[in-house]
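Next up is a structure, given as structure tokens.
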Amino acid sequence: MNAFINHFAFEFRTGIRNKTLLLMNYLFPLGFYLLMGFVLGGINPTFREDTIPAMVVFAIMTATLLGIPDPLVNARENGIFRSYKINGIPSISILVIPALTTMLHLLIVAVVITATAPLLFDAPQPVNWPNFILVFAGTAIACGGISVLIGVVSPSSRMTVMWSQLVFLPSMVVGGLMLPYRMLPEAAGKIAQLLPATQAMNAFNGLAMGRTADFSPWGSVITLFTSGLLAFALAVYLFSWDSRNTARRGHTALALLVLLPYVAGIFLFS
Amino acid sequence: MKNSIIEVKDFRKTYGDFVAVDKISFDVKQGEIFGLLGPNGAGKTSTLESLEGLRAPNGGSLRVAGIDPAREPRKLRNVIGVQLQSSGLPESITPDEAMNFFCAYHDVKPRFDLLERLGLSEKRKDQFYKLSTGQQQRLGLALAVAHDPQVLFLDEPTAGLDVATRVELHEMMRELQSNGTTIVLATHDMAEAEEMSDRVAILLNSKIVTIGTPMEITATGAGFTKVSVRTQSSSLSNTDTSFPFVSQQTVKDEYSIYFSTDIGPTVSAIIAHIETHGDSLIDLRVERPSLEDRFLEITTNGAAQ
């Protein structure tokens, strides 16, 4: 327990001390939130209603997808994991603790957004706080899991950026953050349902914000939690201590299994 | 006779078709400082990393304190300490945090005294990337010994260290040895290996080419002992003068230098020559072949074969 607390405390401090992580955890999401609130709120009045869930989902995606994978790849390539292995630090701690500390940073950012958005932008607050927290947790676990998985399977920082952007950019465009899901063509909507952002926005709207969901909001919650847990399980399974001559337990293509809950969700919960 | 704490039998390590280590066998006694030497690519790192549990062997058997490193990594971690060549720490961690962090996973109290002893007291709150290479090395060593391991693996421990820290590190190694710690030292520094190691093994082309004490190894070479002599009237400056058992001779900085295969008769003949010519001796130095000379001889011959 002492080891876990020490590891957690160190990783949490790193999230503030490391300039890149500070940017991804706090500066970028909060800066973007203020920019969007002032600019988009003026241009598109309907954005006001989406401000809190959209900016919370954006913060989660930024801190996880853009913040978690690269440090994992760098640590592996720089021999840090080898040193961890020699000293008995389990792979599950290496993968889960950075995700947990990121979630704690995200909680702080989410509190800032939900507390200030009604004052700054007249944004409506959640009507169901327990469900808001539940969806927040599900989204953080889903995005955290995918991010850790990207860090585990990426052979280099360059590939990490590519894989992360493959989730991040479509989420920004069709994930319901900027453009409501109902405005998407049907085919695009189905593709959008493969993204955690779409599921998160649907669940926030249907369960926490007092608005109408576009498809089953509880289905979205189930999808987010299942995909997140599956992603962590796959990351632990596919983890390698270093990239040089260390056998991986399975092929990296197995990581694509993380899409299964989303595909199943399209058939089961649409 | 001390017990073997490390046993390597017919150990083989391959990467695809490349054979990094080819059926080597050796053992290391408890409390011994054992030097592992060899040029780059000889198989040192593969051997060390397999003993540390970082790689699985492709053949043979390895035992460290009775533990199979590949099969029992959890048991192994409390028995061994490893100072990696690259220190293997996150760039934002401070020495204090690293000590807390690693000791917590070993379930021992943090040893901040080691940071003081290794000259890191002023740097305890500095992030790892702000430390100099030498300071990073010292931190790596402090972390490697903090849980009082039975076997300590040191990979180039003095690379990048200043003289004072290097001396401190050597003292620390001797102290650890006197407390019963076995040390496996991989180094390119032959003087360090010769000074510190009880025994050394030289690896070349995936095999052990020689193993023994530094004295034994240096004694088994071509065996040229260097005799350097300086006299008042330079009576030895005539290079036509020949002495018994001298195979080569040269003159450098007022010294006549002879390479002898049998030092006794050579020195006697030189002194007799000086006296006969009414000259007087100013300086006479006898240097046996160093481990470095022997290493170069082995690796040059080995590479040529």
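Tell me, which residue of the range B:39-76 that is away from chain A (no Cβ under 14 Å) and among the hydrophobic types (A, V, I, L, M, F, W, C) is surrounded by the most Cβ atoms within 10 Å (Cβ to Cβ)?
B:Ala42
Pick out the one residue from A:Gly175, A:Gly189, A:Gly210 that is buried (at least 24 other Cβ atoms within 10 Å of the Cβ) and either over 18 Å from the mean Cα position of the chain (by Cα) or within 19 Å of A:Pro69 (Cβ to Cβ) (or both).
A:Gly175
For the range B:77-88, what are the residues that are among the small types (Gly, Ala, Ser), crowded, with 22+ Cβ neighbours inside 10 Å and closer than 16 Å to B:Gly134 by Cα?
Listed by number, the residues that qualify are B:Ser87, B:Gly88.
If I ask for residues that are farther than 24 Å from A:Ala142 by Cα and of a type in the set (Phe, Trp, Tyr), which ones from the range A:1-58 would you list?
Within the range A:1-58, A:Phe38, A:Phe47 qualify.
This table checks each residue for (1) surrounded by fewer than 24 Cβ atoms within 10 Å (Cβ to Cβ); (2) within 16 Å of the chain's Cα centre (by Cα); (3) not polar (S, T, N, Q).
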{"residue": "A:Asn25", "(1), (2), (3)": "no, yes, no"}
{"residue": "A:Tyr33", "(1), (2), (3)": "no, no, yes"}
{"residue": "A:Gly37", "(1), (2), (3)": "yes, no, yes"}
{"residue": "A:Thr64", "(1), (2), (3)": "no, yes, no"}
{"residue": "A:Val111", "(1), (2), (3)": "yes, no, yes"}
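Quick check: is even one residue across the range B:78-96 of a type outside the set (Gly, Ala, Ser), out of contact with any strand residue (DSSP E or B) (no Cβ under 6 Å at 6 or more places or on another chain) and without any contact (Cβ under 8 Å) to a residue 12 or more places away in the chain?
Scanning the range B:78-96, I find no residue that is of a type outside the set (Gly, Ala, Ser), out of contact with any strand residue (DSSP E or B) (no Cβ under 6 Å at 6 or more places or on another chain) and without any contact (Cβ under 8 Å) to a residue 12 or more places away in the chain, so the answer is no.
May I pose another question? For the subset of the range B:94-118 comprising residues that are more than 11 Å from chain A (Cβ to nearest Cβ) and surrounded by 19 or more Cβ atoms within 10 Å (Cβ to Cβ), which member is modelled with the lowest pLDDT?
It comes out as B:Leu118.
Being touching a residue at least 12 places away in the same chain (Cβ under 8 Å), closer than 30 Å to B:Val21 by Cβ and in contact with a strand residue (DSSP E or B) (Cβ under 7 Å, 6 or more places away or on another chain) narrows it down to one of B:Ile217, B:Ile263, B:Ile282, B:Ile257, so name that one.
Going through B:Ile217, B:Ile263, B:Ile282, B:Ile257 in turn, just one is touching a residue at least 12 places away in the same chain (Cβ under 8 Å), closer than 30 Å to B:Val21 by Cβ and in contact with a strand residue (DSSP E or B) (Cβ under 7 Å, 6 or more places away or on another chain): B:Ile217.
Additional query: Residue under question is A:Asp122, and the condition is that it be among the charged types (D, E, K, R) and under 22 Å from A:Tyr181 (Cα atoms); does it hold?
It is false that A:Asp122 is among the charged types (D, E, K, R) and under 22 Å from A:Tyr181 (Cα atoms).
For the structure I just gave you, tell me whether A:Ala123 is buried (at least 16 other Cβ atoms within 10 Å of the Cβ), away from chain B (no Cβ under 14 Å), of a type outside the set (Lys, Arg) and outside any helix (DSSP H, G or I).
The answer is yes for A:Ala123.
Just to be sure, is B:Glu91 more than 17 Å from the chain's Cα centre (by Cα), at the interface with another protein chain (Cβ under 9 Å from one of its Cβ atoms), of a type in the set (Asp, Glu) and surrounded by 20 or more Cβ atoms within 10 Å (Cβ to Cβ)?
It is false that B:Glu91 is more than 17 Å from the chain's Cα centre (by Cα), at the interface with another protein chain (Cβ under 9 Å from one of its Cβ atoms), of a type in the set (Asp, Glu) and surrounded by 20 or more Cβ atoms within 10 Å (Cβ to Cβ).
Anything in the range A:54-108 that is free of Cβ contacts under 8 Å to residues at least 12 places away in the same chain and outside any helix (DSSP H, G or I)? List them, or say none.
A:Asn78, A:Asn87, A:Gly88, A:Pro90, listed by residue number.
Okay, residues lined up against (1) more than 14 Å from every other protein chain (Cβ to nearest Cβ); (2) over 18 Å from A:Ala117 (Cβ atoms):
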{"position": "A:Phe12", "(1), (2)": "no, yes"}
{"position": "A:Leu30", "(1), (2)": "yes, no"}
{"position": "A:Tyr33", "(1), (2)": "yes, no"}
{"position": "A:Met55", "(1), (2)": "yes, no"}
{"position": "A:Phe58", "(1), (2)": "yes, no"}
{"position": "A:Leu66", "(1), (2)": "yes, yes"}
{"position": "A:Leu72", "(1), (2)": "no, yes"}
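Every residue in the range A:219-241 that is of a type outside the set (S, T, N, Q) and in contact with a Pro (Cβ under 7 Å, 6 or more places away or on another chain), please.
Listed by number, the residues that qualify are A:Leu224, A:Leu230.
If the requirement is being of a type outside the set (D, E, K, R) and within 14 Å of chain B (Cβ to nearest Cβ), which of these qualifies: A:Ser270, A:Ser243, A:Ser227?
A:Ser243
Taking only pairs six or more apart or across chains, which ones have beta-carbon atoms under 9 Å, a first residue in the range B:17-40 that is without any contact (Cβ under 8 Å) to a residue 24 or more places away in the chain, and a second residue that is β-branched (Val, Ile, Thr) and part of a strand (DSSP E or B)?
B:Asp27/B:Ile5; B:Asp27/B:Ile6; B:Asp27/B:Val8
The values are calculated or read from the model by the stated rules, or taken from the named source; none is laboratory data. Since the structure is predicted, the reported quantities are computational estimates derived from the model, not experimental observations. When we count neighbours, we look across all protein chains shown, and the Cβ atoms used for this are built from the backbone with ideal geometry, even at glycine.
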